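J.: Would you mind keeping the following structure in view while I ask a few things?
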Amino acid sequence: MLLRGFFQFVEIQTKVASVIPFTLGTLYALHRYGDFSFKNFIIMFISLISFDMATTAINNYCDYKKAHSNGGYNYEIKNAIEKYNIKESIALTIIFTLLAIATIFGILLALNTSLVVLLIGAVCFIAGIFYTFGPIPISRMPLGEVFSGIFMGFIITFLSIYIHIYNEGIMSVVYKNDILGISMNIKELVYVFLISIPLINGIANIMLANNICDIEEDIVNKRFTLPYYIGKENALRLFEVLYYIGYIDIVILVILGVFPVTSLLLLTTLIPISKNIKAFQNRPSKGETFVLAVKNFVLMNVSYVILTGTAILIN
């Protein structure tokens with residue numbers, strides 16, 4: 001199997017949706033707490049990317065095995081396994097190898113930090129597997145946008161902050177004398193959630209745009225996603241609203257003093273993003289306009305990352 005086939009099988013280009021929250025969380029830890037652990041940074045990066053590639057590979061493998069459509073959509077031909085003639089044994093080897101790497105480095109990260117990382121990591125592992133696997137995968141339900149947004153936009157951001165400040169009391173779990181105790185700094189956790197909203201909504205919109213474009217094909221393949229239940233027009237309106245919520249959130253963060261006034265420069269990205277929103281709403285197409293959802297996510301959140309880095313320099 002060529003390297004190109006592997007990259008398409010794991011959809012390497014989509015890993016930006018993991019790397020951006022990871023980077024933002026790291027910069028936020030530096031900005032607000034002044035802490036950075038290079039060792040934990042590297043360990044989490046390896047575990048995160050390996051697990052993201054594994055779940056994508058599982059999704060492509062399951063879609064290849066379970067695809068029902070034919071003739072009109074050529075679903076199997078579009079799948080990397082068919083396109084690059086990847087043997088099923090090799091595909092499974094890739095999946096289990098990536099899962100093993102993610103698990104080993106995840107456990108190592110937990111040993112270097114705290115029980116919180118182990119517990120949250122275990123939840124993410126289970127959610128990631130059932131997102132694409134099982135009799136009714138989450139990705140085939142109207143919960144896909146919520147799960148992808150929360151787990152990739154919030155949980156990754158939280159963990160990428162926590163691994164640098166795990167001993168500063170933002171959250172701790174203690175098991176002693178058969179009693180499990182959990183302590184949380186509610187204020188700081190609320191701030192972490194607020195800084196994650198542009199990421200949560202941007203990632204959710206990538207999946208929403210994908211499901212809007214694939215609504216007819218998904219029905220044929222018995223995938224009843226959110227646009228099926230709320231209707232295509234409402235889904236397109238939701239697509240727009242989620243972006244605007246992200247911008248309102250940035251203004252709130254500046255008012256709360258979490259970020260400096262310079263962070264309001266992010267609002268300038270609203271101009272091209274609004275144009276992309278209208279273009280997608282006018283012609284939702286997988287081949288022509290779906291990429292605009294990805295471009296919007298990258299434009300808004302890379303700018304967000306850059307401005308957060310700038311805030312560090314200002315401080």
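Bear in mind these aren't lab numbers, they're just calculated from the coordinates by the rules spelled out. This one's a predicted model, so the numbers in the text were calculated from it and none came from an experiment. All Cβ positions, even for glycine, are placed from backbone atoms using ideal geometry, and neighbour counts span all protein chains on display.
J.: Cut-off under 12 Å on the C-alpha distance; same-chain residues fewer than 8 positions from K222 excluded. Which aspartates and glutamates are left, in chain and number order?
T.: Output for K222: D63, D214.
J.: Still on this structure, I have one more. About the Cα centre of the chain, how large is the charge dipole given +1 on each Lys and Arg Cβ and -1 on each Asp and Glu Cβ? Please answer in debye to the nearest 20.
T.: About 320 debye.
J.: Rounded to two decimal places and with Rh computed the Kirkwood way over Cα pairs, what is Rg over Rh for the stretch 3-314?
T.: Here the Rg-to-Rh quotient is 0.97.
J.: Also, quick follow-up: I'd like to verify something in the chain: which complete DSSP H helices, judged by Cα projection on the helix axis, reach 24 Å or more and average at least 1.6 on the Kyte-Doolittle scale?
T.: Flagged H segments are 88-112, 115-132, 291-314.
J.: Could I ask something else about it? Tell me, what is the FRET efficiency for K278 and I306 to the nearest 0.05, using R0 = 22 angstrom and their Cβ-Cβ distance as r?
T.: Calculated value: 0.30.
J.: Place the peptides 291-299, 45-53, 273-281, 257-265 in order of packing, highest mean first, counting for every residue the other Cβ atoms within 10 Å and averaging per peptide.
T.: 45-53, 291-299, 273-281, 257-265
J.: Between N112 and V146, what length comes free when the chain is fully extended (0.36 nm per residue of separation minus the Cα-Cα distance, one decimal in nm)?
T.: Full-extension gain reported as 9.2 nm.
J.: If the limit is 20 Å between Cα atoms, which of K232/K286; K232/K278; K39/K187; K275/K295 go over it?
T.: K39/K187
J.: Which shape class, rounded, prolate or oblate, goes with the stretch 88-135 when its Cα gyration tensor gives a ≥ b ≥ c as root eigenvalues, a/c under 1.5 marks rounded, and past that a/b bigger than b/c marks prolate?
T.: oblate
J.: A further question on this structure: Residues with amide H under 5 Å of M171's amide H, sequence separation 5 or more or different chain, H placed in the peptide plane at 1.01 Å from N; which?
T.: For M171, the qualifying residues are N185.
J.: For K83, go through the lysines and keep the ones whose alpha-carbon is under 18 Å away, minus same-chain ones fewer than eight residues off.
T.: The reachable lysines, counting only those whose Cα sits under 18 Å from K83, are K65, K66.
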